[in-house]
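The values are calculated or read from the model by the stated rules, or taken from the named source; none is laboratory data. Please read these numbers as outputs of a predicted model, since none were measured by experiment. No Cβ is skipped: glycine too gets one built from the backbone with ideal geometry, and neighbour counts run over all protein chains shown. What goes into the accessible areas is simple: the full protein's heavy atoms, side chains included, and nothing from ligands, DNA or RNA. Shrake-Rupley method; radii C 1.70, N 1.55, O 1.52, S 1.80 Å.
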Amino acid sequence: MTSPAARYLLRFDDLCPTMSRSGWDRFEPLLVEYGIRPILAVVPDNRDPELVHDVADFDFWNRMRQWERAGAVIALHGYRHLCQSSGKALLPLHRFTEFAGVDEGTQRLWIEEGLAILRGHGLHPRLFVAPRHGFDKATLRALRGAEIGTISDGLTHRPFVRNGVTWIPQQLWRPAEQRDGLWTICLHSNSTPNEEVLLLRDFLRAQAPQFISVPDALSSHMSPSISWIERVRGVHAVWRIRAGRWIKKVTRH
Ligand SMILES: [Zn+2]
């Protein structure tokens, strides 16, 4: 049964000029048809070979500008997307990340440079999305210094403020109906299997009115502080995700 209370945000990661164009083109018509205002997490200066699927698209930045004009929110998705640091992240979901553990001055520089690149292309980044969820307290200080006061991450059920930064949680990697709260579904257009695109289409068909934008999420779904029960849920969710990955790895052999 459809719950009137749950709300969803849609987020696309790893957008850059060399992303898979055919991968992305599967989603654009759905976003238009259902009036979705997604979070678009753009890599400012991609150097990650895993994100090179096509020759650089000269129209990429123009497309991002058009989406931003249509209500999408642009997020700074790291700097070069090179995940070579093994420092401890506040959300320990991956061993190697781009930012966690890197010295603060360097993180500040990467954030400033990344923002300057996106702004140089006429975009107005308002959020930070860390590659592989990898960030630490120094990242949050650097973001505050750059006046980016919001990240898309965390495993709670509503946005909250921690370390002086607003966290809009991101808990799902495919559409799944929820009872209440705010849920961000993160998709990687380069690699989402076609069955999951169809799953998204069916989900949007049924639930499009429950999809909101980042400004809506911040104005009506904020939690003044994070309760102990949400903290426990968050820790539990981290373990569930890690255990799920481990089981997948083991059963692959
Ligand atoms: Zn990424």
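Go through the stretch 132-145 and count every residue that is modelled with pLDDT of 95 or more and within 19 Å of Leu40 (Cα to Cα). Going through the stretch 132-145 one residue at a time, the tally reaches 1.
In summary, Phe160 fulfils each of the numbered conditions (1) of a type in the set (Phe, Trp, Tyr); (2) within 16 Å of the ligand (Cβ to nearest atom); (3) over 15 Å from the mean Cα position of the chain (by Cα) with the single exception of condition (2). Among the conditions (1) outside any loop (DSSP other than H, G, I, E, B); (2) open to solvent by 30 Å² or more (accessible area, probe 1.4 Å); (3) among the acidic types (Asp, Glu), Glu147 misses just one, which is (1).
Among the residues of the stretch 109-124, the ones that are open to solvent by 10 Å² or more (accessible area, probe 1.4 Å) and either more than 16 Å from the ligand (Cβ to nearest atom) or touching a residue at least 40 places away in the same chain (Cβ under 8 Å) (or both) come to 10 in all.
Residue count for the stretch 41-88, restricted to those that are open to solvent by 60 Å² or more (accessible area, probe 1.4 Å), under 19 Å from Leu127 (Cα atoms) and more than 13 Å from the ligand (Cβ to nearest atom): 4.
Just one of the listed residues (Asp180, Asp153) is open to solvent by 40 Å² or more (accessible area, probe 1.4 Å) and closer than 24 Å to Ala5 by Cβ, and it is Asp180. Of all the numbered requirements in (1) open to solvent by less than 20 Å² (accessible area, probe 1.4 Å); (2) more than 16 Å from the ligand (Cβ to nearest atom), Ile185 misses one, and that requirement is (2).
Matching residues to (1) without any contact (Cβ under 8 Å) to a residue 40 or more places away in the chain; (2) among the basic types (Lys, Arg):
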| residue | (1), (2) |
| --- | --- |
| Glu147 | yes, no |
| Leu155 | no, no |
| Thr166 | no, no |
| Arg179 | no, yes |
| Pro209 | yes, no |
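Scan the stretch 125-147 for residues that are small (Gly, Ala, Ser) and within 16 Å of the ligand (Cβ to nearest atom) and report the count. Write out each step before concluding.
Let us first name the residues in the stretch 125-147 that are small (Gly, Ala, Ser), namely 130, 134, 138, 142, 145-146.
After this cut, where a residue has to be within 16 Å of the ligand (Cβ to nearest atom) as well, the list is 130, 134.
Of the residues in the stretch 125-147, 2 are small (Gly, Ala, Ser) and within 16 Å of the ligand (Cβ to nearest atom).
With respect to the conditions (1) at pLDDT below 95; (2) in contact with a strand residue (DSSP E or B) (Cβ under 7 Å, 6 or more places away or on another chain); (3) among the hydrophobic types (A, V, I, L, M, F, W, C), Leu123 falls short on a single one, namely (1). Within the bounds of the stretch 94-108, is there any residue that is modelled with pLDDT of 95 or more, loosely packed, with under 14 Cβ neighbours inside 10 Å and more than 28 Å from Ile212 (Cα to Cα)? Yes, some residue in the stretch 94-108 is modelled with pLDDT of 95 or more, loosely packed, with under 14 Cβ neighbours inside 10 Å and more than 28 Å from Ile212 (Cα to Cα).
Restricting attention to the stretch 1-35 and to residues that are part of a loop (DSSP other than H, G, I, E, B) and more than 21 Å from Asp59 (Cβ to Cβ), the residue that is most open to solvent (accessible area, probe 1.4 Å) turns out to be Met1.
Does Gly23 satisfy the criteria of being within 15 Å of the ligand (Cβ to nearest atom) and at negative phi?
Working: within 15 Å of the ligand (Cβ to nearest atom): yes; at negative phi: yes.
Yes; evaluated as a whole, the condition is true for this residue.
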